[in-house]
Ligand code: SAM
C-alpha cells in the first residue's frame, strides 16, 4: 500500500469544507464530550507538519471528529491512516474522506482507551528499541479529560514497551490544555513543575511545539491549547518499574509547597516514617529541604533506586498506602469515641 513518497504525491480531491460537513451530518459539538473542532485546514496542516515528516508513514489518529486533522494527515503523503472515533455521528463524514482517499484511511468506531493498536500495523514496521523510531506516528486532538489519562497510560506503555510501543519508539503528537502542556514540559524549579513533568520526561523527549489560541476551535474552549510531541528515549532516565516511579513521584508532590521530605515521608508507615525518610534522603543524597518542584529527574532516579532497595529489604513496604493507614486510624478513633459515648449513657 505504501507509495514512494518522492515519486507520487497524494492530494485529496476537492471536498466540502469541514464547516459544511458539520452542517451536512448535523455534527453539533456535544458539550458533555468536550468536543471542540478545528475547522481551519491551514492550522491542521501546521499541526501535522510539526509532527514531522509523514511520507510513507503509518499514522494512528485518535478522535478524528469531523476530520480536519485527518485531511491534513492524508495530504501529508502517508502510507496509511487509522482513525479511532468514539462518537458514531462522525463515521459517515469520515467514510466520505475514506472514499476520497482509496485504500489509505481505515476507520474504527471505538474507544482509544481500550483499542489495541499493537496488531493494527504490519509487523514489518517494527524496529528495535535502540534503532531510530519506526515510521509510525500517533496524532490526536482529544478532549482534555481523555488526553491526560491517556498519556499516563501510554507513558506506562513506553516503560513496558507494549501497546503502541511494540513497534519501537513510536512518536506521539497530542494536544492538551495549555496549562497541562506546560506541566508536561516544565523544567526543574519552574512553577509548573509537577508529577506529569517528571513522569513524561524520565521516559521521553518532550517538547511543547505549538500553542493554539482557544478562538481557533469551534466551539471555543475556556483555555488555549498546547501541542506536545513525545519521542520515547532509548534509555529511560530512571530504570525502575513504572508503578514504583509513579509512587515515589506522586508522594513527593503530595505537599507541593513544603520541603520534599514531607511528601516522601508518606512512602513509609507512621511508626518508621522519620527514620526511613531520613535514610532514603541520605542514601539518595537529596537535600530534604528542597521543594518537590526543585527535584530534578536525576534526584528522582536516586530516590527511586534507594526506595527500590528498601522495598526489596521489606516486602510489605511497596504495598503501604498512607491514606489507608489514616482511614484505619480514623475509624479506630471513632470506635473509641463511640465506646466512651456508650459508657456515658
Ligand atoms: N480531531 C477533531 C478536531 O481537531 O477537530 C475533533 C476534536 S474533539 C476535541 C475530540 C474528538 O475525540 C471528538 O470527535 C470525540 O468524539 C473524540 N473522542 C472523545 N473521546 C474519545 C475516545 N475515548 N476514543 C475515541 N475518540 C474519542
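The values are calculated or read from the model by the stated rules, or taken from the named source; none is laboratory data. All values derive from a computational prediction rather than experimental measurement. Every residue, glycine as well, gets a Cβ built from its backbone with ideal geometry; the counts of neighbours run over all protein chains shown.
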Might you check whether a residue that is more than 8 Å from the ligand (Cβ to nearest atom), touching a strand residue (DSSP E or B) at 6+ places or on another chain (Cβ under 7 Å), over 14 Å from residue 138 (Cα atoms) and assigned to a helix (DSSP H, G or I) occurs anywhere in region 59-76? no
Over region 26-58, the set of residues in contact (Cβ under 8 Å) with a residue 60 or more places away in the chain, within 12 Å of the ligand (Cβ to nearest atom) and part of a loop (DSSP other than H, G, I, E, B) is 27, 29, 34, 35, 36, 39, 40
Residue 298 passes all but one of the listed conditions (1) over 26 Å from the mean Cα position of the chain (by Cα); (2) loosely packed, with under 14 Cβ neighbours inside 10 Å; the exception is number (1)
Within region 84-106, which residues are more than 9 Å from the ligand (Cβ to nearest atom) and closer than 14 Å to residue 33 by Cα? 88
Taking region 261-273 as the region of interest, how many residues are without any contact (Cβ under 8 Å) to a residue 24 or more places away in the chain and either within 29 Å of the chain's Cα centre (by Cα) or crowded, with 21+ Cβ neighbours inside 10 Å (or both)? 2
In region 134-168, how many are in a loop (DSSP other than H, G, I, E, B) and either under 18 Å from the mean Cα position of the chain (by Cα) or within 16 Å of the ligand (Cβ to nearest atom) (or both)? 6
From 293, 276, residue being surrounded by 17 or more Cβ atoms within 10 Å (Cβ to Cβ), closer than 21 Å to residue 191 by Cα, in contact (Cβ under 8 Å) with a residue 12 or more places away in the chain and in contact with a helix residue (DSSP H, G or I) (Cβ under 9 Å, 6 or more places away or on another chain): 293
Show the residue pairs meeting these rules: Cβ distance below 9 Å; 6+ apart or different chains; first residue within region 107-131 and over 22 Å from residue 149 (Cα atoms) and within 9 Å of the ligand (Cβ to nearest atom); second residue outside any loop (DSSP other than H, G, I, E, B) and modelled with pLDDT of 95 or more. none
What are the residues in region 77-106 that are assigned to a helix (DSSP H, G or I), more than 23 Å from residue 217 (Cβ to Cβ) and without any contact (Cβ under 8 Å) to a residue 24 or more places away in the chain, if any? 95, 98, 99
Can you tell me which residue in region 180-200 is farthest from the chain's Cα centre (by Cα), limited to those that are part of a loop (DSSP other than H, G, I, E, B) and either in contact (Cβ under 8 Å) with a residue 60 or more places away in the chain or crowded, with 21+ Cβ neighbours inside 10 Å (or both)? 189
Across region 169-178, what is the total count of residues that are more than 17 Å from residue 69 (Cβ to Cβ) and either within 16 Å of the ligand (Cβ to nearest atom) or in a helix (DSSP H, G or I) (or both)? 2
